[in-house]
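Here the structure comes first, spelled out in structure tokens, and everything after it is commentary.
Please treat every number below as a calculation from the coordinates, not as lab data. Bear in mind that the values here come from a model prediction, so they are computed numbers and not experimental data. Methodologically, a virtual Cβ is constructed for each residue, glycine included, from the backbone with ideal geometry; neighbour enumeration extends over all protein chains shown.
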Amino acid sequence: MSLRFKFIVSYLVVVVAGILLVVLLTGRATADAFGRYLGRQEGEALVPLLAAYYLEAGSWEAVGQAFPDRWLGPGMMWQRGPGGGPGHGTGAGLPSPVALANVQGVIVRPGAGYGPEEIVPASVLQAGLPVEVEGRVVGRVLVADVGAGDLPTAGLAFLASVNRAAVLAGLGAGLVAVVLGVLIAGSLTRSLRQLTNATEAVAAGDLGRQVAIDGRDEVGQLAASFNQMSTDLARASEARRQMTADIAHELRTPLSLIVGHAEAMLDGVLPLSDDQLRVVHEEAVRLDRIVEDLRTLSLAEAGELELIAGPVEPVELARRALAARQSSARAKRVELVLAAEDAVPSIQADPDRLHQVLANLLDNALRHTPEGGSITLGVSSTGRGLSISVADSGPGIPPGDLDRVFDRFYRADRSRSRQQGGSGLGLAIARSIVEAHGGRIWVESPPGSGARFTVQLPLETAPAGGP
């Protein structure tokens, strides 16, 4: 059974139930209102007759005989007698919806559910229609609602016509509602069918499939979420393919050198010397470093990077990182500067991982700083943690590359060889370690002013990941 059929049937059931409920309530309300109207009408018609009777008789003593307690219908409750006065109506009639009480509240003419000589409450008496003779109230007419079963033939015919009109109006409204329901169900199921087809296409490998968004309702939001998911899947798939190609390329270079030198030495093309073995060893070390970097990145992205937190003195950590690169900096005639505040508090973090972050940032700065330039390592405290910055005097980073410098294997200077430019994983590893500590890292590079990498860390870092 299709969703469209279920929706239409459910909508039809609701519409029919609504029509029946409206017709029943409307018929009941109309009957009650019509009964109140008839009772009020008969009471108001009786008041002047009763006043004339009292003026002539001087009391209510024989009012019951003059005005019988049977009702023949609107305008026919009493008929004039041969002398022009009120007389008995013809036929059995219906129970009268009106009663007459004297000023003491005693029923002198039964009706409206009250019997002869019955005393009515004062509140009911005050709500009755007053009968006035020569400026004084001599009695009150009590009016009751006329029940649907007590209506005369003309009243029943009127209610029947009202009910027919309500039924016809309900059927017309129901027909319009059903047509609208069919259209709405068609629109809803059409959007869902498009989503189903697009989902099957994505499952079959057609990543990036989009569906049309027809509105801003829940289905439209679902379509927008699907489009975003499909776009993200396509982007992730492309990034994965690119990463696989980059990894293969990065590993191929040292492997080719190792295999080539080994075969050449085995074939006697190259002598088995310390120099040739040193080349093979260096490439093996580079290959091992790339594999270890990839392992670190994978652990960090999976949330399994182990952090062994302990007290870290940020200024001392910065001094050691700079000291380890003094030799490389002197060879390139690059000045290394430490700009640290006097009182920088210690933090709880993994010292080895933070040293790895500083090493990657400083090595990156050394690669991009020309001879005679300078690199400044800044350490300062913030209101809620620690701030470390590495600023170089190199050419800077093009604005279009700022959002990609932390990507794997990305190099802003594409003309630089991989041996000169590193593996392209250092900044990605730095970002992963910083984020594992609960901090953040970003880069700023005004045109022609070099690049500044800034790391912000909290004072305390809970160990993350596992062995």
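Computed on the Cα atoms alone, the convex hull of the chain gives a volume of 339 cubic angstrom per residue. Please give the net charge around P271, taking every other residue with its beta carbon less than 15 angstrom from that of P271, where Lys and Arg add +1 and Asp and Glu add -1. Counting the neighbours of P271, the net charge comes to -3.
For a quick check: sort W442, W60 by the number of other beta carbons within 10 angstrom, fewest at the front.
Numbers: W442 14, W60 21.
Fewest to most other Cβ atoms nearby, the residues stand as W442, W60.
Would you give the gap between the C-alpha center of the range 376-407 and the C-alpha center of the range 192-211, rounded to a whole Å? One Cα centre to the other: 42 Å. Is the range 206-308 rounded, prolate or oblate when judged by the Cα gyration tensor, a ≥ b ≥ c being the square roots of its eigenvalues, rounded requiring a/c under 1.5 and prolate requiring a/b larger than b/c? Oblate shape, in that a/c is at least 1.5 and b/c is the bigger or equal ratio.
If I stretch the segment between A331 and E200 completely, what's the gain in nm (0.36 nm per residue apart, minus their alpha carbon distance), one decimal? All intermediate terms of the calculation are to be shown ahead of the outcome.
Values: separation 131, 0.36 × 131 = 47.16 nm, distance 6.00 nm.
Here the answer is 41.2 nm.
Using C-alpha pairs under 8 Å with a sequence gap of at least 6, the mean separation divided by the residue count of the chain gives a relative contact order of 11 percent. Between 0 and 90 degrees, the angle of helix 153-203 with respect to the longest Cα principal axis of the chain falls at about 10 degrees. A simple count of charges around V312, restricted to other residues whose Cβ falls under 13 Å of its Cβ and scoring Lys, Arg +1 and Asp, Glu -1, yields -2.
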